[in-house]
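Heads up, the thing below is written out as structure tokens.
The values are calculated or read from the model by the stated rules, or taken from the named source; none is laboratory data. Everything numeric in this text was worked out from a predicted model, so none of it was measured. When we count neighbours, we look across all protein chains shown, and the Cβ atoms used for this are built from the backbone with ideal geometry, even at glycine.
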């Protein structure tokens, strides 16, 4: 090497922050793989969480029962430091036990349905003539997620249009769902194109320079264009997003309040968005105490919903009977499940892994997210069973209230690490190395979303190199959204979600009535547990904490809401 070349190399090392030299502990990885693949208990945890205790709506008795059983399972694995930890008041809990929907005329037949969330029961069968009264005049106008102010004005017009016409009726609120013959397979694994582009699915568009919009708080609108709106959700502060959900729920509750005032018998909505025969439905009523409740409501299988619409469209009267048993619980505590393995000489520092434990209510929440929770539990069991030495404490979290607002992880982060609005840090902020999250269905792990943390790439690639032959090779700089790692990322802590094969998650099981354990592949779950345990083990023993991005700025004050949104 020429003298000036040596100086150039040294300068490069200085200005790039001296790239960390990390290697995988192959002996530990071998032991982890052996335990994960040949002595797995991950399907036992799936059975416990999904088959015995699905669904697990936040704030419901079912959730609490499942949480207690998870604590017992951790203890059975030898993990003694485990508890159900409250982070504060969440809002409403809700659960259901029975639903029956019957078309009485023009033909007697049972309709496939399940209750719409956060709607009360009927207190016995309710029958009535069906009327079609959608919020939007045309399906193309239905853009609730586009502009909340526009939606609020539309609700007022809708109320004026239907006032005095709905008493005793069974009201259809949605336009029919249009079906298309599937052009691609329902079950899907990432291919070479996705790996090369660094994009795992349509929810994870790469961030393109110059196309990030100016964001305001409250965030009342975002672009309708799919790619631009995806970019918004990949860069938006989590407090903007959750505040928007809260506001949207309050505004939409005005519809339910009006229907109750008008004395409707029940409401029908379409469970559209999935494939044939699947009911995909969530985010109907408001989970926030103080918001108005809707009338008893059910989500129908789209084919059955569409049949009723066609009959009405041709002037054929339809009568439907609805019978729902559901319970609402006000002012419930938000609950997380926290388990910990003690470290050795650096036990004042922590590595975390987690997944959300709550689910929607149409099925047992197997892929969303009993799978992630079971993998976290299995990774902890493996590390405990092997008695591998770990310098840092390893803390597992099964989060509550993810499906409604990321509230479980947000509450935990605010209690332990930092305020995401003021960015005031707590002492524990300096002690967390990294948080690993799993919430992408039941598919095997294919890599990690780096959340624009360039410094973490060589570290994570080195630790997971022993899984390259199992196709763990997608370390994409892009952000991913919609789950609990965002709570950590929002306060400048390294928080990562794993890239997973989608399988039939987004087209079939996500928030649907078929989200059962039948859609899980045991081998994929075993592989994911091995990968997660390996990442956690190396993070716990690394000489350094995970590299961090620049600490985010504090958030600006909120702007005043328009009068229609007050």
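Considering the conditions (1) under 25 Å from residue 283 (Cα atoms); (2) in the same structural domain as residue 356 (by TED's automatic domain parsing); (3) assigned to a loop (DSSP other than H, G, I, E, B), residue 561 is excluded by exactly one of them, (2).
Looking at the structure I just gave you, is residue 422 in the same structural domain as residue 353 (by TED's automatic domain parsing) and crowded, with 24+ Cβ neighbours inside 10 Å? Considered against the rule, which asks whether it is in the same structural domain as residue 353 (by TED's automatic domain parsing) and crowded, with 24+ Cβ neighbours inside 10 Å, residue 422 comes out as no.
Looking only at segment 504-542, residues that are in a helix (DSSP H, G or I) and surrounded by fewer than 16 Cβ atoms within 10 Å (Cβ to Cβ) come to 3 in all.
When 370, 355, 339 are checked against the criterion of being touching a residue at least 40 places away in the same chain (Cβ under 8 Å), surrounded by 19 or more Cβ atoms within 10 Å (Cβ to Cβ), within 28 Å of residue 301 (Cβ to Cβ) and not assigned by TED's automatic domain parsing to the domain that holds residue 295, a single residue qualifies: 370.
The single condition among (1) in contact with a strand residue (DSSP E or B) (Cβ under 7 Å, 6 or more places away or on another chain); (2) surrounded by fewer than 24 Cβ atoms within 10 Å (Cβ to Cβ); (3) within 29 Å of residue 242 (Cα to Cα) that residue 545 does not satisfy is (3).
Of the residues making up segment 438-490, those that are assigned to a loop (DSSP other than H, G, I, E, B) and at positive phi are 441, 451, 452, 471, 482. Scanning segment 290-327 for residues being within 30 Å of residue 73 (Cα to Cα) and either over 32 Å from the mean Cα position of the chain (by Cα) or surrounded by 19 or more Cβ atoms within 10 Å (Cβ to Cβ) (or both) gives a total of 1. Of the residues making up segment 276-294, not one is out of contact with any helix residue (DSSP H, G or I) (no Cβ under 9 Å at 6 or more places or on another chain) and free of Cβ contacts under 8 Å to residues at least 60 places away in the same chain.
Being part of a loop (DSSP other than H, G, I, E, B), over 21 Å from the mean Cα position of the chain (by Cα) and closer than 18 Å to residue 534 by Cα, is that true of even one residue in segment 350-363? The answer is no; no qualifying residue exists.
Of the candidates 555, 551, the single residue that is touching a residue at least 60 places away in the same chain (Cβ under 8 Å), more than 18 Å from residue 448 (Cα to Cα) and touching a helix residue (DSSP H, G or I) at 6+ places or on another chain (Cβ under 8 Å) is 555.
The condition of being in contact (Cβ under 8 Å) with a residue 24 or more places away in the chain and in the same structural domain as residue 172 (by TED's automatic domain parsing) does not hold for residue 228. For segment 451-473, the set of residues classified as modelled with pLDDT under 95, in contact with a helix residue (DSSP H, G or I) (Cβ under 8 Å, 6 or more places away or on another chain) and surrounded by fewer than 21 Cβ atoms within 10 Å (Cβ to Cβ) consists of 473 only. Can you tell me which condition residue 435 does not meet? The list is (1) in a loop (DSSP other than H, G, I, E, B); (2) within 30 Å of residue 555 (Cα to Cα), and all the others hold. Result: residue 435 passes all but (1).
When we screen 468, 456 for residues that are assigned by TED's automatic domain parsing to the domain that holds residue 355 and under 27 Å from residue 187 (Cα atoms), the only hit is 468. Pairing residues of segment 312-332 that are over 30 Å from residue 287 (Cα atoms) and not assigned by TED's automatic domain parsing to the domain that holds residue 59 with residues that are modelled with pLDDT of 95 or more and exposed (fewer than 12 other Cβ atoms within 10 Å of the Cβ), at Cβ distances under 7 Å and at least 6 apart in sequence or on separate chains, gives 316/106; 318/106. Scan segment 295-306 and tell me whether some residue there is touching a helix residue (DSSP H, G or I) at 6+ places or on another chain (Cβ under 9 Å), closer than 19 Å to residue 151 by Cβ, outside any strand (DSSP E or B) and at pLDDT 95 or above. Checking segment 295-306: not a single residue is touching a helix residue (DSSP H, G or I) at 6+ places or on another chain (Cβ under 9 Å), closer than 19 Å to residue 151 by Cβ, outside any strand (DSSP E or B) and at pLDDT 95 or above. Of everything listed in (1) at pLDDT below 95; (2) in a helix (DSSP H, G or I); (3) closer than 20 Å to residue 88 by Cβ, the single unmet condition for residue 249 is (1).
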